[in-house]
1. If you add up the charges near Asp256, with Lys and Arg at +1 and Asp and Glu at -1, over every other residue whose beta carbon is less than 12 angstrom from its beta carbon, what do you get?
2. Could you pull the Cα extents of segment 279-355 along its three principal axes, largest to smallest, in whole Å?
3. Got a sec to turn the phi values of segment 315-332 into Karplus ³J(HN,Hα) couplings, 6.51 cos²θ - 1.76 cosθ + 1.60 with θ = phi - 60°, whole Hz, x for Gly and Pro?
4. Cα atoms only: what Rg and Dmax, in Å, come out for segment 243-326?
5. Per 0.36 nm of contour for each residue apart, how much would the distance between Ile198 and Thr327 grow if the chain were fully extended, relative to their Cα-Cα spacing?
6. Which residues' amide hydrogens lie under 5 Å from the amide hydrogen of Leu294, considering only partners 5 or more residues apart or on another chain, with H built in the peptide plane?
7. Quick query: amide H of Arg352 versus all other amide H atoms, modeled in the peptide plane; which residues come in under 5 Å with a sequence gap of 5 or more or a different chain?
8. Roughly what would the spin-label model give for Arg248 and Lys122, points 7 Å off Cα along C-beta, in nm?
Amino acid sequence: TNHSFNLQKHKSTMANNPSAPLLANQGQPIVMQPAQGQQVVYQQPPQGQQVVYQQQPQVATTGGYNQGNMYQQPIQPMQPAQGQQVIMQPQQQNQGAQPPLQQPNDQQLMEGLGDYNPQIVKQPEPIRVSGGKDGVGMSEGCARNPHIFTWILTLLVWMLIFSFLVCIAAFGDDDDGYCGFFAGNAGAAIGLIAAVAITYWIECYCSGTGKYLSNVLQNEGAEQFVERIKGQPAVITWNVACYHWETRRRSKRVTDANGNTRTEWETYREKVYTWRASEQYRYTTCIDVSGQLLGLDEYNLTKLRLRKIYGFVDGQSQQHYIQQRRTFRMMNWRDIHQEFHEAYTIPGYVDRILAESEPGIKPGWMTNGCYWMSNLCFMSPCFRHKMSAACGNAEYTFIKQLSAY
């Protein structure tokens, strides 16, 4: 027939021209083109047997122990046709590949979650700023923020400085009693005063007053700031770090009572981290239910102490959060122990602000420079009480209500 004639003609052509294209792959091994970065094993088949040269499936690697996305989908291996033999090169162990997945129990998965209990939230009652146009006054300002620890350090510093000067000037030759310490041990007395002064300045640095003065709203009022933060979404990020303990040895030099030295070995335990991962919680909607902040237009200056929390609209969304967090921990449990941390942020959020009812109304002395001048002179409580007296005061909580559906 014409078909048999064409087939014989093609075989003759192939014998004379090996580069001619094949009509069929019968009796030939099936060769698949690999994707970039994939390995293909080329192996001679046994006589009379068909072989599929199959691509080696890739495993989702991470480039080491420090980062990775555990949810990359691995490439599925190709299923061979019936009667074909698959020859696959064994996967080589990669140096620095991800650790094997562990199987934590329920008790382990609940460890470290004491501070991260999800809750259902609703809109609170309106909050009114306390304080008149010119502040709350000195007596109420002192009662509201007594700064007891600062007063104790201030009085202690001044008492030590006064005692040192008086004892050196009036009782310079006295070696006994209270003044004997200052007169006879001037170096120790100066060291004591310096230690108390350093503690005093550390407390001033950590004080909320400095934070208020570092976050003065100049281009927007307090109401505009609050509304802007209300419009920002909640960002919840989970972080895990897997580790185990290793017992190691180290040498140390020991000197005995006779002055002889020798080398001894001691064992110690060291925490070794082998895997870290992070993921952002994926919700569907985020609604701000923080409530109203009233009275912002009734004062010249106000100190706003801000906080932030998040919650869920119903129990179904709450369970979705718990399940997604549990899955993240399970998929990243790569060692014996696991540390878990959750970070909750709102873009633009700060925990303290000093707000003006209109630009430029803040007095000239209410600056960070004047604050630190008073700190260096050990007069910090006086500055703080004067600032509290000149400002209104409010505590406000931003509440983000999340829904998974």
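1. Details: positive: Arg253, Arg262; negative: Glu264.
After counting each charged neighbour, the total is +1.
2. For segment 279-355, the Cα spread along each principal axis is 56, 27, 15 Å.
3. Karplus-based 3J(HN,Hα) across segment 315-332 equals x, 5, 5, 4, 5, 4, 4, 4, 5, 5, 5, 5, 5, 4, 5, 5, 6, 10 Hz.
4. Rg and Dmax of segment 243-326, Cα atoms, are 28.5, 79 Å.
5. Numbers: separation 129, 0.36 × 129 = 46.44 nm, distance 4.79 nm.
The Ile198-Thr327 span can extend by a further 41.6 nm.
6. For Leu294, the qualifying residues are Ile127, Arg128, Val129.
7. Leu306
8. Calculated label separation equals 5.6 nm.
The values are calculated or read from the model by the stated rules, or taken from the named source; none is laboratory data. This is a predicted model, so every value here is computed, not measured. Note that we place each Cβ from the backbone using ideal geometry, even for glycine, and neighbour counts take in every protein chain shown. In case anyone asks, the SASA skips ligands and DNA or RNA and just uses the protein heavy atoms, side chains included. Shrake-Rupley method; radii C 1.70, N 1.55, O 1.52, S 1.80 Å.
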